[in-house]
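J.: This structure is in structure tokens; I'll ask about it shortly.
Read the figures in this text as sums done on the coordinates, not as results from a lab. It should be emphasised that the depicted structure is a prediction, and the values quoted were computed from it without experimental measurement. Backbone-built Cβ (ideal geometry, glycine too); neighbour counts: all protein chains shown.
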Amino acid sequence: MKLIATDLDGTLLNEEGEISKENVEAIKKAMNLGIKFVVATGRSFKAAQKPLQAAGLNAPIICLNGAKVYDEKQNIITSVPLNKETCEHVFSICNEFDMYVEFFTNKGTYSGSRAYFKQVMADVLRTANPHVTDEEVEERVSMRFQEEDVDFLEDYDVIFQDASIEVFKMLGFSLEKAKLQGAYTQLIKQPGVTITSSGNINVEINHPYAKKGIALKQVAQAYGIDMKDIMALGDNLNDKSMLEAVGRGVAMGNAAPEIKEVCKYSTLTNNEHGVGYAIEEMLQEFYP
């Protein structure tokens, strides 16, 4: 293996949003052997950078599911925005099913009201962590504001009409499975988009060419590395294109069933340093 590519949330990051010491040590061990390290995430560049910097890691970042790719010097390599008319149509479908929507753009992240944002984030946290306290919910919601520069709009038409704003990803949330499924059924019929998910309460909308698998291939080509010589790790549907494209796809212990089905290899959960465990396992095989 000549390159390791990993997702962040649910994969490299634990439930506290941090990269464990065990994961960092395994990554640095691999890098010292000349193996390249790349991050591939649905997060924005800024939100992806924070946990990496905290862990003392620097790497190319495939962000927004492949819509933007940055090299280790923070230069943009590729950029794949959505068509504005497509965005407007997608937004109307999400509205039809009462979904909360975020727009990830070249000018930051846009959302509706701040109060609605906090309510949705709190509901998401309580759904994933039923025993979490109100204080913990408030703290984690506040952290989200620190991770993303979110601007709140009264009228989304600003996004559609301002030619200087490029939309790279749309993210729709719903805690009601029927509404989420209804929106998904309509969205997958729309031309000019690809629909994935990073959890069981959201849909992620990108340009058809904005996929982690496509972006990773571009990064690999720049390094002169064949896809068969890459190990990739992930946990959810927005990782599928990447995991299927590489020579060693590894599903996290906490991965969605569909991800486990497409991966030949598996590892521990993100709270058990699964990335580090998989790297050590690979190194023992290739660098005994």
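J.: In a Gaussian network model over the chain where Cα atoms closer than 10 Å are linked, find which of 194, 41, 133 has the largest mean-square fluctuation.
T.: Evaluated over the chain, the most mobile residue of the options is 133.
J.: Taking θ = phi - 60°, what integer Hz values does the Karplus form 6.51 cos²θ - 1.76 cosθ + 1.60 yield along the stretch 247-258, in sequence order, with x for Gly and Pro?
T.: Whole-Hz 3J(HN,Hα) from phi for the stretch 247-258: x, 9, x, 10, 8, 5, x, 9, 5, 5, x, 5.
J.: Something else about it: Evaluate the distance, in nm, between pseudo-label points positioned 7 Å from the Cα of residue 15 and of residue 139 along their respective Cα→Cβ axes.
T.: 1.4
J.: Related question: Please label the shape of the stretch 146-288 as rounded, prolate or oblate, based on the square roots a ≥ b ≥ c of the eigenvalues of the alpha-carbon gyration tensor (a/c under 1.5 means rounded; beyond that, a/b larger than b/c means prolate, else oblate).
T.: prolate
J.: Please find, in a Gaussian network model of the chain (springs between Cα atoms separated by less than 10 Å), the residue of 71, 151, 134 whose mean-square fluctuation is greatest.
T.: Of 71, 151, 134, the most mobile in the Gaussian network model is 134.
J.: For an R0 of 22 angstrom, estimate the FRET efficiency from the Cβ-Cβ distance between residue 262 and residue 285 and round to the nearest 0.05.
T.: The computed FRET efficiency comes out at 0.60.
J.: Along each principal axis of its Cα atoms, how long is the chain end to end? Whole angstroms, biggest number first, please.
T.: For the chain, the Cα spread along each principal axis is 58, 42, 34 Å.
J.: For the chain, build the charge dipole from Cβ charges (+1 Lys, Arg; -1 Asp, Glu) around the Cα centre, then report which of 247, 131, 186 sits farthest towards its positive end.
T.: 247
J.: Here's a follow-up. In whole angstrom, note down how far apart the Cα centers of the stretch 262-276 and the stretch 1-68 are.
T.: 14
J.: What 222 nm value per residue comes from the helices of the chain, counting each DSSP H run with n ≥ 4 as -39,500 (n - 2.57) and dividing by all residues, nearest 500 deg cm²/dmol?
T.: My calculation for the chain gives -12000 deg cm²/dmol from helical runs alone.
J.: Next up: Scan around residue 43 for amide H atoms under 5 Å from its own, H built in the peptide plane at 1.01 Å from N, and keep only partners 5 or more places away or cross-chain.
T.: Amide H neighbours of residue 43, under 5 Å, 5+ apart: 64, 65.
J.: Could you work out how far helix 114-128 tilts from the main Cα principal axis of the chain, as a 0 to 90 degree angle to the nearest 10?
T.: Helix 114-128 and the main axis of the chain meet at about 50 degrees.
J.: How would you order 88-94, 27-33 from highest to lowest mean count of nearby Cβ atoms within 10 Å?
T.: Put in order of decreasing packing, that is 88-94, 27-33.
J.: Under a 5 Å amide H to amide H cut-off, with H placed in plane at 1.01 Å, what residues pair with residue 169 once short-range neighbours are removed?
T.: So residue 169 has HN proximity to 104.
J.: Please give the residues of the stretch 178-198, grouped as numeric ranges, whose backbone N is less than 15 Å from a label point set 7 Å along the Cα-to-Cβ vector of residue 98.
T.: 178-183
J.: Scale the Cα Rg of the stretch 28-79 by the rule-of-thumb value 2.2 N^0.38 Å and send over the ratio, two decimals.
T.: 1.10
J.: Rg(Cα) of the stretch 233-288 divided by 2.2 N^0.38 Å?
T.: So the Cα radius of gyration is 1.06 times the expected 2.2 N^0.38 Å.
J.: Within 10 Å of each residue's Cβ, count the other Cβ atoms and sort 231, 252 from fewest upward.
T.: 231, 252
J.: Follow-up. Kirkwood Rh over Cα pairs of the stretch 1-112 into Stokes-Einstein at 37 °C, 0.692 mPa s: D in µm²/s?
T.: 210
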